[in-house]
Amino acid sequence: MLIDNGILADPSSSDSSTSTQESKAVTDAKSQLDSAKRDLDNDRSELTKQEEDLTKDYGPDAIFRALKDTCVDQDSGEYTYSHCYLSSTTQKSKKGGGNTGMGNFAHITSVTVDETLPADGRGLGSGERIALKYENGQTCWNGPARSTLVVLACYDKEEIWKVVEEEKCVYRMEGGSPAVCGVDVVKREGHDEL
Ligand code: MAN
């Protein structure tokens, strides 16, 4: 019966000359099992990755999760600046050459601002604003590793309004994002989070 059902190899058949040889049904079942084990391993590591991701800080209401790696560019002076959410900030000379890393994502923080909002709405205004801190960028000649604080206010588009180098290789970008609209920003220290 087992031979008839392909579970046991038929010792009398020409392609099963040794008694240790498996039938095709057993070989197939083993390879299906191996493939199911591989799928399970992959699913488990994906689950671990997702569980770790859930413990990360994506800001109030996880507003920046969907923007991760989205980049916003702005020309200013001799450079084109770029902010890639939760990833890095860079500057690139308009005269050519490569990107200079202005910092890699470190943590989310907040800053208190007090400015009059310009008529076009492109400004930080007054109150507590969410900010993203980028650190350990390319080291400045005779100076520190470049770092950037990106301060965001509510606006209907992703924009960078202003880039300043507050001290040598310490940059501040100010811009607008729909992601921060309606978000109640509670003051954050943020500097010991990572
Ligand atoms: C480059 C830029 C400037 C920076 C200097 C420092 O020119 O990154 O922002 O001030 O290097 O040497």
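The values are calculated or read from the model by the stated rules, or taken from the named source; none is laboratory data. All values derive from a computational prediction rather than experimental measurement. No Cβ is skipped: glycine too gets one built from the backbone with ideal geometry, and neighbour counts run over all protein chains shown. Just so you know, the surface numbers come from the protein's heavy atoms only, side chains and all, with ligands and any DNA or RNA stripped out. Shrake-Rupley method; radii C 1.70, N 1.55, O 1.52, S 1.80 Å.
Dipole check for the stretch 95-181: with +1 at the C-beta of Lys and Arg, -1 at the C-beta of Asp and Glu, and the Cα centre as origin, the magnitude is about 320 Debye. Which whole number in µm²/s is D for the chain by Stokes-Einstein, with the Kirkwood Rh taken over Cα pairs at 37 °C and 0.692 mPa s? Reported coefficient: 159 µm²/s. Checked against a 32 Å cut-off, the cross-linked pairs Lys24/Lys49; Lys68/Lys92; Lys49/Lys168 give Cα-Cα distances beyond that limit for Lys24/Lys49; Lys49/Lys168. Toward the positive end of the charge dipole of the stretch 1-113, with +1 on the Cβ of Lys and Arg and -1 on the Cβ of Asp and Glu, the farthest Cα among Asn104, Leu54, Ile7 is that of Asn104. Beta bridges assigned by DSSP with both partners in the stretch 129-194 are antiparallel in approximately 60 percent of cases.
Net charge near Asn5, counting Lys/Arg +1 and Asp/Glu -1 over other residues with Cβ under 15 Å of its Cβ? If you can, show how the numbers build up before the last one.
On the way: positive: Lys24; negative: Asp4, Asp10, Glu22, Asp28.
Around Asn5, the surrounding residues sum to -3.
Comparing Gln74, Gln32, Tyr134 along the charge dipole axis of the chain, the residue lying farthest to the positive side is Gln74, per the Cβ-charge model. For the stretch 81-177, the share of alpha carbon pairs falling in successive 10 Å distance bins from zero is 16, 48, 28, 8, 0 percent. The residues of the chain expose, per residue, 62 Å² of accessible area to a 1.4 Å probe. Each of Lys94 and Ala29 was given a label point 7 Å from its Cα along the Cα-to-Cβ line. The distance between the two points is 7.2 nm.
Peptides 125-135, 161-171, 40-50 ranked from most to least packed by the mean count of surrounding Cβ atoms within 10 Å: 125-135, 161-171, 40-50. Computed over protein heavy atoms with a 1.4 angstrom probe, the accessible surface ordering of Thr55, Thr148, largest first, is Thr55, Thr148. Between Ala145 and Thr116, the FRET efficiency estimated from the beta carbon spacing at R0 = 30 angstrom works out to 0.30.
Got a number for carbon plus sulfur as a percent of the stretch 1-140's accessible area, 1.4 Å probe? Exposed carbon and sulfur together represent 49 percent of the surface. The angle separating the long axis of helix 24-54 from the principal Cα axis of greatest extent in the chain is about 20 degrees.
As a test of the formula, what do you get for the chain when each DSSP H run with n ≥ 4 contributes -39,500 (n - 2.57) and the sum is divided by the residue count, at 222 nm and rounded to the nearest 500 deg cm²/dmol?
On the way: 1 runs with 31 residues, N = 194.
That calculation yields -6000 deg cm²/dmol at 222 nm.
Looking at the square roots a ≥ b ≥ c of the eigenvalues of the Cα gyration tensor of the stretch 134-182, which shape do they give, rounded for a/c under 1.5, prolate if a/b is larger than b/c, or oblate? Prolate shape, in that a/c is at least 1.5 and a/b is the bigger ratio. Distant-in-sequence amide contacts of Cys181, defined by a placed amide H-H separation under 5 Å and a gap of 5 or more residues or a different chain, comprise Tyr155.
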